[in-house]
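These notes are about the structure you will find just below.
The values are calculated or read from the model by the stated rules, or taken from the named source; none is laboratory data. Owing to the predicted nature of the structure, the values given are computational and were not obtained by experimental measurement. Note: ideal-geometry Cβ built from the backbone for every residue, glycine included; neighbour counts use all protein chains shown. Accessible surface is based on the protein model in full, side chains and every heavy atom, while ligands, DNA and RNA are left aside. Shrake-Rupley method; radii C 1.70, N 1.55, O 1.52, S 1.80 Å.
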Amino acid sequence: MTCRFYIFIGIIYIYCSAYLHSVIVDMNKMMLIKSLVQKNMLILMLAVISISLLVSGCTDNTAGTDDPLTDVKLQIAGSTTVLPVAEECARVFMEKHPGSRIDVSGGGSSHGVKAVADGTVDIGCASRDLKSSESDAHPGLVPHGVAKDGVAVTVHPSNPVTDLTIEQLQGIYTGTTTNWKDVGGTDSKIMVVTREEGSGTRDCFEQAVMKPIKAEITDHGIIQDSNGKMRATVAGSAQAIGFLSLGYVDSDVRAVRLDGIEPTVESVVDGSYAISRTLWMITNGNPDSAEQAFLDFVLGDEGQSIVEDVHFIPVN
Amino acid sequence: MTRQTRERIIEALLFASAVSAVVIVLLIMVFLFKEGAPFLLRYGIHTFCLGMDWNPIAMTGEPSYGIFPMIVGSVYIAAGSLVLAVPLGLGCAVFLVEIAPPWAEAVIRRGIELLVGIPSVVLGFFGLVLLVPLIRDSVGGFGFSILAGSVILAIMALPHIISISADAITAVPETYKQASLALGATRWHTIRNVILPAARSGIVAAIILGMGNSIGETMAVLMVTGNSAILPEPLYDVLDPVRTMTANIVIEMNYAAPGDHQQALFATGIVLFVMVAILNAISHRALKSRMEGGR
């Protein structure tokens with residue numbers, strides 16, 4: 001409610017200053033257009049304000065006060081890859097149990113592990129397994145797998161290459177293999193597309209493909225900053241190769257088999273596909289009742305369908 | 001309410017809105033420098049600005065934060081957009097003020113206003129699905145390039161360049177033109193040798209403002225430039241991908257862990273801020289000299 005109030009004040013403030021500004025500046029120029037714009041703006045503002053009031057009126061009815069889960073107060077932080085799952089689950093959980101409050105923030109996997117270990121948050125999120133150094137330093141940490149993710153290597157549908165070995169993929173991504181004919185394709189330059197530093201998808205790819213040979217992804221690749229843009233880029237160029245979170249693969253691009261294994265939900269779940277990972281929610285010690293309630297929700301039907309909605313693979 | 005109190009209230013409101021702009025700028029500056037400056041000093045302004053290697057999350061060895069390729073990228077794309085937009089914009093401004101019949105002027109001005117209204121991300125998407133393949137197929141390279149970024153930015157800079165230089169041309173005293181025509185000069189002669197030189201400082205201001213806008217633009221650019229944090233090879237190859245400073249901040253801020261990486265992005269913001277501030281100061285100078293000497 002307070003949030004809406006600030007937005008409301010903000011809108012009024014912006015409108016007032018825009019109005020005052022337009023009064024002072026440019027009195028002579030384009031008077032007609034300006035006044036038209038202002039009228040429309042006023043209507044728009046009124047619409048926005050009334051809608052926001054309406055919405056706030058709708059959601060404020062607190063029904064079901066005998067719900068035992070109204071006093072759930074949780075802090076969650078960590079990996080931005082897990083963030084959509086945590087945020088969406090928290091939102092639905094709070095809707096179902098009015099009065100409960102779950103704050104979700106990012107910061108990265110390492111931050112999530114550290115924060116839950118030193119008690120700053122109740123649940124830490126990580127998109128990688130606990131490092132041995134971490135589990136040695138904090139033996140009390142209990143990871144709960146909430147989702148799986150596979151990263152598919154994709155090419156343009158017209159590309160004749162359907163199979164790659166891990167070595168070929170390493171060659172392409174380190175920049176030593178630069179022509180499709182070297183991996184069984186046509187004679188054309190390979191356009192390597194990659195994700196930005198820090199991306200969870202990139203991290204998953206690096207851990208599985210680049211880490212065994214201790215190499216960095218080539219600097220000469222095109223960098224796109226989301227799965228959607230990556231897919232659009234690969235779909236738009238016959239020379240492109242790029243990696244996508246499995247949930248984003250559609251008919252615009254073609255996923256190649258890696259060492260003969262097709263990236264599918266099944267091959268990721270049974271672990272035969274190489275580039276995959278588990279997304280974790282970590283508690284310090286066994287979860288207390290509030291933490292357990294939230295984890296039950298995430299691992300339940302509703303939570304797992306949210307996992308699917310945000311393009312990950314359910315664990316249950 | 002008496003007229004006097006009403007006046008006072010309006011004055012107070014006006015003052016508040018005027019001050020709020022300054023306060024907001026100051027707050028942003030303080031925030032930016034608080035977040036980025038310690039890192040900049042610790043890592044070294046020199047190594048940061050002239051470093052060639054950007055690798056904030058190193059698989060092996062130490063992370064490195066060098067933004068020189070991005071400074072080059074930003075300047076390249078801004079300059080490229082001006083090369084495309086200035087001749088077009090200037091021609092359009094001259095046509096609007098000196099030649100166009102009223103109906104044509106009205107149509108063109110409407111068109112320019114519409115151009116301002118197109119959100120940059122829409123232009124970026126247009127670039128990604130149309131311009132990039134077009135460049136790849138007809139010019140060469142992968143399409144994600146300095147050229148693509150420059151074209152998109154030129155489209156965005158055009159309206160600003162046109163409106164400011166049209167104002168500058170309009171401000172040239174009518175007597176100059178009459179004198180020139182009375183001496184027997186042709187229309188083109190008058191435009192080239194009298195009107196344009198007289199409006200020069202305003203046009204320079206338009207160009208520099210355009211450059212400042214271009215350097216600061218983000219969304220459209222990052223969709224079409226490929227964002228590789230390397231220098232083009234060879235250096236003049238406009239078909240190579242580059243990353244601009246703005247794109248660097250946007251694409252990595254989502255994930256940057258608190259610490260050096262995040263602070264390095266704020267430091268990138270400081271460098272960008274300083275560059276744009278310098279450009280704005282220069283264009284302000286140019287505009288001011290017009291005000292003093294022009295009329």
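Quick notes
- Projecting the alpha carbon convex hull of the protein assembly as shown along each direction and taking the average yields 35.3 nm².
- Table column - 3J(HN,Hα) (Hz), the stretch A:308-316, Karplus curve with 6.51, -1.76, 1.60, x for Gly and Pro: 5, 4, 9, 6, 10, 9, x, 8, 9
- Between B:Thr170 and A:Asp296, the FRET efficiency estimated from the beta carbon spacing at R0 = 51 angstrom works out to 0.10.
- Computed from protein heavy atoms with a 1.4 Å probe, the total accessible area buried between B and A is close to 3000 Å².
- The stretch A:135-186 versus the stretch B:65-142: alpha-carbon centroid distance in Å: 38
- Given R0 = 30 Å, the distance between the Cβ atoms of A:Thr120 and B:Ile45 translates into a calculated FRET efficiency of 0.35.
- Debye-sum result for chain B in log10 I(q)/I(0), which assumes one identical scatterer on each alpha carbon, at q = 0.08, 0.10 Å⁻¹: -0.46, -0.69
- Peptides B:246-255, A:213-222 ordered by packing proxy, namely the average of other Cβ atoms within 10 Å per residue, highest first: B:246-255, A:213-222.
- Residues whose amide H lies under 5 Å from that of A:Leu74, counting only those 5 or more places away or on a different chain, are A:Arg101, A:Ile102, A:Asp103; hydrogens are built 1.01 Å from N in the peptide plane.
- Annotation: amide H-H contacts under 5 Å for B:Tyr65 (H modelled 1.01 Å from N, sequence separation of 5 or more, or interchain): B:Asn55.
- Cα shape, the stretch B:146-295, gyration tensor, a/c 1.5 rule: prolate
- Extension reserve of the A:Asp103-A:Asp182 stretch, reckoned as 0.36 nm per residue once the Cα distance is removed: 23.4 nm
- Kirkwood hydrodynamic radius over Cα pairs of the stretch A:114-233, then Stokes diffusion coefficient at 20 °C and 1.002 mPa s, in µm²/s: 128
- Largest to smallest principal axis extent of the C-alpha atoms in the stretch B:78-218, angstrom: 55, 28, 27
- Gap separating the Cα centres of the stretch B:220-281 and the stretch B:192-207, nearest whole Å: 32
- In Hz, Karplus ³J(HN,Hα) per residue of the stretch A:163-170 (6.51, -1.76, 1.60; θ = phi - 60°; x = Gly, Pro): 10, 9, 8, 4, 4, 4, 5, 4
- Modelled label positions at B:Arg8 and B:Ala79, each set 7 Å beyond Cα in the direction of Cβ, lie 5.8 nm from each other.
- Derived from the Cα gyration tensor, the three semi-axes of the equivalent ellipsoid of the stretch A:225-303 are 34, 16, 11 Å, largest first.
- Counted over the stretch A:102-259, the DSSP beta bridges are approximately 55% antiparallel.
- Helix-only arithmetic for chain B: the sum of -39500 (n - 2.57) across DSSP H runs with n ≥ 4, divided by the residue total, places the mean residue ellipticity at 222 nm at -23500 deg cm²/dmol.
- If R0 is taken as 45 Å, the Cβ-Cβ distance between B:Ile24 and B:Ala100 corresponds to a FRET efficiency of 0.70.
- For chain B, a Gaussian network of Cα nodes joined below 10 Å ranks B:Ser120, B:Ser165, B:Ser138 by mean-square fluctuation, and the top entry is B:Ser138.
- Average other protein chain Cβ within 10 Å of Cβ, residues A:210-218: 2
- Environment charge of B:Leu181, counting only residues whose C-beta is closer than 14 Å and scoring Lys/Arg +1, Asp/Glu -1: +1
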